[in-house]
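Visitor: Let me begin by handing over the structure; questions about it come next.
The values are calculated or read from the model by the stated rules, or taken from the named source; none is laboratory data. Not measured: the values here are computed from a predicted model. Every residue, glycine among them, receives a Cβ derived from its backbone with ideal geometry; neighbour counts consider all protein chains shown. Only protein heavy atoms, including side chains, enter the accessible area calculation; ligands, DNA and RNA are left aside. Shrake-Rupley method; radii C 1.70, N 1.55, O 1.52, S 1.80 Å.
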Amino acid sequence: MSSPEKSKDDKKEDKIPGESSPRTSGSSDSTAGMSMEHLRRYLAEKLGFYDDDDAVTEDETEKVKVLDEVTVDGIINYIKNKNCKNIITMAGAGISTSAGIPDFRSPGTGLYHNLKKYNLPNPQAIFELDFFQDNPRPFFELAKELYPGSFKPTVCHYFIKMLVDKGYLLRHYTQNIDTLERVAGIPDDKLVEAHGTFHTGHCLQCRKEYTQEWMKERIFKDDIPICESCPGVVKPDIVFFGENLPNKFHKSLLVDFGKCDLLIILGSSLAVQPFASLVDRVPSNIPRLLINREKAGHRTGIMAMLGVGGGLDFDSKDNTRDVLWLGECDEGCQLLADKLGWGDELKELCKKEHDRIDKVKDDETDETTASKKEVDASKVPKL
Ligand code: OAD
Ligand code: ZN
């Protein structure tokens, strides 16, 4: 099983369990006299890329014009013409920033740039198992600050919910632990929380399970949650660096990606493996749309020049399927909805759901105030 890796500098080391082995043989020993296409294939084989048996080969890709234009309009035409029913969405922290939750790596605002007060050896140590076992306090302080339940899902979350409701979504893969997908109503069977969830927690020593409520009570009192059966610390079931990704992630990806008819990636730097390499698991004739503030997950350097290697391929002249839409996730999703004729419906859904969430919060506040008043009244000395 793989655990999240911090960079994708060496993708060959970051193989996802179940992935077939790199193909290593069958090519000639010399590159002399090769055409560019042969050189590509030679390198692809030597480096172990494009080893998916289900995938269309590079030669075939060149023949297939996947999108009529490599733009959002091309994607919309494709969705309509192909009658997509197996869209996969992949998300990162960028889909929740408009809800008020910081992402990790954005300069200035990202979480990893704002952890000085915790005196960590490095920013990611806050999510490293070894560090947590020595000193869990920084993580729990941060968890209190970012605790799920205090935020409302975004336009982007509700767009994904609409894909579910309209029968377009095969699965939503998220790296986020803020649970906003669940709050937006994306059902469990459509959701893969690749980096785990705050929903449950486990004692690191005896593995006893605890509920979110049990952990929350302690975290909000600034206590470290300690197991009731042993002296172990109880950690929410979010995946730390050094831990395995959930079984559901490994199982689902094997079933899903071969069937995918469109991949939409939203709000991620695609900097963490094995999640980032999921983009390579869709067949090579399947369009991939990235909606993000910055270009991410794309091939660079010699790999881009040669058109080999994993990653998104926005810039090569042969690209007929990878579309980059730079901007805010919410705006990108609203644009897609508008172009699909669902624009007003999406706006109404967001408003209705936000009103509902506000009302639940107001009712909770009223209840708390009422019960406080009752307690206070009981304290008044009877004359
Ligand atoms: P990052 O912070 O690495 O990337 C967020 C991406 O979203 C960046 O490319 C931003 O430019 C972009 N972005 C931010 N707000 C946006 C918005 N409103 N609209 C469009 N784009 C926006 O976050 P992730 O990719 O999710 O792992 O990070 C992946 C993993 O790294 C996390 O799951 C976490 C972290 O270490 C673990 O803790 C295991
Ligand atoms: Zn225990």
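Visitor: Among K235, K221, K216, which is the only one that is within 16 Å of ligand 1 (Cβ to nearest atom) and either farther than 30 Å from D165 by Cα or among the β-branched types (V, I, T) (or both)? Write out each step before concluding.
Guide: On the way: K221 fails: within 16 Å of ligand 1 (Cβ to nearest atom); K216 fails: within 16 Å of ligand 1 (Cβ to nearest atom).
After applying the criteria, what remains is K235.
Visitor: Does region 201-213 hold any residues that are away from ligand 1 (no atom under 16 Å from the Cβ) and closer than 11 Å to K235 by Cβ, and which are they? Reasoning before the result, please.
Guide: Filtering region 201-213 down to residues away from ligand 1 (no atom under 16 Å from the Cβ) leaves 202-213.
Scanning region 201-213 gives H202, C203, L204, Q205, R207, Y210.
Visitor: So for region 256-264 (the condition being farther than 30 Å from W214 by Cα, free of Cβ contacts under 8 Å to residues at least 40 places away in the same chain and either open to solvent by less than 10 Å² (accessible area, probe 1.4 Å) or away from ligand 1 (no atom under 16 Å from the Cβ) (or both)), does at least one residue qualify? Can you show your working first?
Guide: Initial filter on region 256-264 (farther than 30 Å from W214 by Cα): 256-264.
Of the ones still in play, those that are also free of Cβ contacts under 8 Å to residues at least 40 places away in the same chain are none.
No.
Visitor: Under 30 Å from L163 (Cα atoms), basic (K, R) and over 21 Å from the mean Cα position of the chain (by Cα): which single residue out of K144, K82 fits that description?
Guide: Answer to the check: K82.
Visitor: Still on this structure: Looking only at residues in region 116-161 that are within 12 Å of ligand 1 (Cβ to nearest atom) and farther than 18 Å from G196 by Cα, which one is surrounded by the fewest Cβ atoms within 10 Å (Cβ to Cβ)?
Guide: Filtering first and then ranking leaves N122.
Visitor: Taking only region 302-344 into account, find how many residues are modelled with pLDDT of 90 or more, out of contact with any strand residue (DSSP E or B) (no Cβ under 9 Å at 6 or more places or on another chain), open to solvent by 60 Å² or more (accessible area, probe 1.4 Å) and of a type outside the set (K, R).
Guide: Within region 302-344, residues that are modelled with pLDDT of 90 or more, out of contact with any strand residue (DSSP E or B) (no Cβ under 9 Å at 6 or more places or on another chain), open to solvent by 60 Å² or more (accessible area, probe 1.4 Å) and of a type outside the set (K, R) number 3.
Visitor: So, R171, is that one farther than 25 Å from I75 by Cα, away from ligand 1 (no atom under 13 Å from the Cβ) and either open to solvent by 10 Å² or more (accessible area, probe 1.4 Å) or in contact (Cβ under 8 Å) with a residue 60 or more places away in the chain (or both) or not?
Guide: No.
Visitor: Among the listed residues T200, T179, identify the single one that is at pLDDT below 95 and open to solvent by 30 Å² or more (accessible area, probe 1.4 Å).
Guide: Step by step, each of T200, T179 is checked, and only T200 is at pLDDT below 95 and open to solvent by 30 Å² or more (accessible area, probe 1.4 Å).
Visitor: Taking the conditions exactly as written (open to solvent by less than 20 Å² (accessible area, probe 1.4 Å), away from ligand 2 (no atom under 16 Å from the Cβ), closer than 22 Å to G94 by Cβ and touching a residue at least 60 places away in the same chain (Cβ under 8 Å)), does Q273 satisfy them or not?
Guide: yes
Visitor: Taking region 197-217 on its own, how many of its residues are within 14 Å of ligand 2 (Cβ to nearest atom) and more than 27 Å from the chain's Cα centre (by Cα)?
Guide: Selection size over region 197-217: 3.
Visitor: Return the residues of region 219-243 that are away from ligand 2 (no atom under 16 Å from the Cβ), outside any loop (DSSP other than H, G, I, E, B) and either surrounded by fewer than 18 Cβ atoms within 10 Å (Cβ to Cβ) or without any contact (Cβ under 8 Å) to a residue 24 or more places away in the chain (or both); say none if nothing qualifies.
Guide: F220 - this is the single residue of region 219-243 that is away from ligand 2 (no atom under 16 Å from the Cβ), outside any loop (DSSP other than H, G, I, E, B) and either surrounded by fewer than 18 Cβ atoms within 10 Å (Cβ to Cβ) or without any contact (Cβ under 8 Å) to a residue 24 or more places away in the chain (or both).
Visitor: Residues of region 76-93 being within 16 Å of ligand 1 (Cβ to nearest atom) and under 15 Å from I286 (Cβ atoms), which ones? Steps first, answer last, please.
Guide: Of the residues in region 76-93, the ones within 16 Å of ligand 1 (Cβ to nearest atom) are 89-93.
T89, M90 - these are the residues of region 76-93 that are within 16 Å of ligand 1 (Cβ to nearest atom) and under 15 Å from I286 (Cβ atoms).
A quick yes/no check of all residues on (1) at pLDDT below 95; (2) among the hydrophobic types (A, V, I, L, M, F, W, C):
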{"residue": "I226", "(1), (2)": "no, yes"}
{"residue": "L245", "(1), (2)": "no, yes"}
{"residue": "S268", "(1), (2)": "no, no"}
{"residue": "R288", "(1), (2)": "no, no"}
{"residue": "T300", "(1), (2)": "yes, no"}
